[in-house]
Structures are given as C-alpha cells and as structure tokens.
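Report on one structure; see the data block that follows.
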Amino acid sequence: MDKVSSMRQELIEQLFPSEPAYRRKQRERAFFDAKIDGWAGITTLPKLERQTLQDKVPWISHQLAKLITSDIDDTTKALLQTLDGMYFETVLLPNARGAWTICVSSQIGCAMGCRFCATGAMDFKRNLTVDEIADQYRFWQQHLVKKLGNTERISNVVFMGMGEPLANYENIKAAILTWLENTDLGPTHIIVSTVGLLTKLEEILIDATWPPVRLAISLHSADSVERQKIVPSSTPDFLTKLADWSHRYAVNLGNRRLYLTFEYTLIAGVNDSLREARVLADYMMTTAVRKINLIPCNPIDGGDLAGSDSNNILAFEKILLARGIDATRRRSFGGDIQAACGQLAGSAS
Ligand code: SF4
C-alpha cells in the first residue's frame, strides 16, 4: 500500500515531534475555517507554536500563478504553483444548487494518455500530496470569501481535474477524509471519476476506510478494441472484469450502488454511432450500472477530435433511454477558458 504523503505534516512533525494528536485536529479544523487566513489566527494553539509555524511552515501548499474567469459563465480556472515549482490547474464552477462545485486535480500530468485529454498529452510528473489536494478546497474557499464574502458555499467536489485519482489512492482518500471531517461536505457530494483502475476498484471493495463517495467510471466505448484506441491504458478483458466488479460492488456496498455511474465522452465519428450506442446498451445490461453521463468531447489545443453534434447526441441518448438506462447529458462549463472536461493542462505559459 502506498503511503499518504503530506509535506506539511512531515515538516510539523520535525518541529514538534511529540505533540499530542489533538493539536493536529485543531490545526486541520482551522484550515477550513473561512475566517482564518494564517497560522496567527489559530488561537487554540500556543502562541509560541503559532510563531514557529508562521516562520517555518507554509500556510497553504501552493500559490496562485494565474486566474482566469469565463466570459460565458461564472467558471473560474486557477493555475497553481506547488512549493517545488510545478504547476497544475483547478476549477470553480457554479452549480444547480445555488452553490459552487470545485473540480480538483489529483496528479500533475497523467500516465493514462486518453486521446481526447490535454492532461493525457502531458508526461506524468508526480502525484499531488494530500495537502496539495485538500488545499484546493481551501484555495477556492478563500477566493470566494475575498470575492463574494462569507456567504458562498462549496457544496460539491469532483475529481475530474488533472490526473487519474485512483492512481493516487492513499492521498485522495486522505484528502476526502479531511474534507468530510472538517467541512460540511457530505460524501455523496463528492465524485471520484476514474478511468477504472481494476486493482484499485478491487481495493475499494475491501477497504473499510474508503469513504462512501460517488464513483464515476469513464467508459468512452463498450467495444474493447475501440476503447483501447481512446483509453490506451485499457486492456482487452477490462470490460468483462468491470462488469463482474460492478455486481460485487452492488452486493458488497449495498446503497452505494446507487452512486455508481458510467461516463462517456462522445467524440464525433469515433464512438458516437448508433451501433456504438447499441453496443453500450447491451454492455450496460451485463453490469450493475444503469446510469450514464454523456459528455460531448471538448476540443483541446493541437487536438484533432471534436464533440458530437446535438442531433447525434440526442439519437445516441434515445437508444439508451429506450433500454431503461438513465442517460443524462452533462453541460460543459468554461469551454472558452479551456476549463472544461479534458482541457486542463497546467502550463505556466
Ligand atoms: S481523462 Fe483523466 S485519466 Fe484520461 S488522461 Fe485525462 S486526466 Fe488522465
């Protein structure tokens, strides 16, 4: 099992090797208090400790390099620089609940290489630490306070930014548990979107500490050969194994089966034919999953793929609905600022 990596906690443990466990809890609670914006504000800590922390430990694990807001909706994208000088992106978007959703990154770059994805076109650089993941919530919380005051709320978190979250299993799990403990986020308002790393999906089935969050598995094709062309990390037996896993997930995790969905990026002329829709419907009948999100492919710089047109999407959706599948279309946000699904790349230029 990988170890949780937290630069901040490691630094603090070097400074205060024998501090009681409740101190860590005090700090973590303060991190997510929108009224506190520095070590000096954690008045539950002894004054000397606050001073030492202020001098030696960064309050947040990344700093803002660039902020850009969409002209067509309220989506905002931030380019963040880590303490070791690397860059990644994170996105804030308005949601139907009158609150905000944050789309967080889990890695810098990604090894999965999905054909339609700007992150996949980058080399994999490294996993984000638990601090760097959890602090994306803190970054946006502070941003909202400064811009709109204390009344705004982050109600949802989606792991749909840069990286394959299950390839950074321990750190994303630790970040989710931190949010669940220190914010008002509920587990069913957190979505972990994955290309479907089978070894990690199996781990979820036996991991008693895995939180009851929603899982969204990106299919992109229910034809093995075609899927491998879109998701190069896929294997010939992936779809069969995934179907088998989904039934065990439904049995083992009871109600959580309701929170398991598929995602399907519709790429014009690649995976959006009516034949592909029928193959998908047939495949879904072999799984325990009856819900799918259809996402028109968003164009990326230098890419040659385009999203399906709306008539095609409608016809594709109709075939699924006729088979009793709960198919919905995901609205894209922030397309004009390269902040929509598949468009994050984290360049400093
Ligand atoms: S879609 Fe997700 S898993 Fe695929 S390359 Fe992009 S970031 Fe990685």
Would you please classify the overall shape of region 60-337 from the alpha carbon gyration tensor, given that a ≥ b ≥ c denote the square roots of the eigenvalues, rounded means a/c under 1.5, and beyond that prolate means a/b larger than b/c while oblate covers the rest?
prolate
At 7 Å along the Cα-to-beta-carbon direction for both VAL251 and GLU28, put a label point, then send me their distance in nm to one decimal.
3.4
Taking the Cα centre of region 93-145 as origin and charging only Cβ (+1 Lys, Arg; -1 Asp, Glu), how large is the dipole, in debye to the nearest 20?
160
Which distance in Å, rounded to a whole number, links the C-alpha centroids of region 244-289 and region 173-237?
13
Would you tally the net charge around LEU266, using a Cβ to Cβ cut-off of less than 12 Å, leaving LEU266 out, and scoring K and R as +1, D and E as -1?
-3
Counting other C-beta atoms within 10 Å, and keeping those with at most 16, which DSSP coil trypsin sites (Lys or Arg not before Pro) do you find in region 1-43?
LYS3, LYS35
Rounded to the nearest 0.05, what FRET efficiency is calculated for ILE72 and LEU274 with R0 set to 35 Å and r the Cβ-Cβ distance?
0.65
All lysines inside 24 Å of LYS318 as judged from Cα atoms, apart from same-chain residues fewer than 8 positions distant:
LYS291
Using R₀ = 51 Å, calculate the FRET efficiency as 1/(1 + (r/R₀)^6) where r is the Cβ-Cβ separation of LEU198 and ASN311; round to 0.05.
0.90
Selection from ALA339, VAL279, GLY307 lying farthest towards where the dipole of region 273-339 points positive, charges on Cβ
VAL279
Sequence neighbours fewer than 8 away in the same chain don't count; with that in mind, list the aspartates and glutamates whose C-alpha is under 14 Å from LYS200.
ASP2, GLU164, GLU170
Give the cross-link partners of LYS229 among the lysines, using a straight C-alpha distance below 16 Å as the criterion and excluding same-chain residues fewer than 8 apart.
none
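What is the magnitude of the charge dipole of region 1-59 about its Cα centre, with +1 placed on the Cβ of each Lys and Arg, -1 on the Cβ of each Asp and Glu, and no other charges, expressed in debye to the nearest 20?
180
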So, counting K/R as plus one and D/E as minus one, what does the shell of residues with Cβ under 13 Å around CYS110 add up to?
0
Any idea what the dipole of region 60-337 comes to, in debye rounded to 20, about its Cα centre with Lys/Arg Cβ at +1 and Asp/Glu Cβ at -1?
600
Beta bridges by DSSP in the chain, antiparallel share as percent, to the nearest 5:
45
Can you give me the distance in nm between label points at ALA111 and ALA65, each placed 7 Å from the Cα along the Cα-to-Cβ direction?
2.3
Degrees separating the helix 47-56 axis from the principal Cα axis of the chain, which is the longest one
60
Set Lys and Arg Cβ to +1 and Asp and Glu Cβ to -1, take the dipole of the chain about its Cα centre, and tell me which of ILE267, VAL57, ASN127 lies farthest positive.
VAL57
Computed over region 60-337: relative contact order in percent, which uses C-alpha pairs under 8 Å that are six or more apart
16
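Bear in mind these aren't lab numbers, they're just calculated from the coordinates by the rules spelled out. Every value quoted in this text rests on a predicted model; they were computed, and no experiment measured them. All Cβ positions, even for glycine, are placed from backbone atoms using ideal geometry, and neighbour counts span all protein chains on display.
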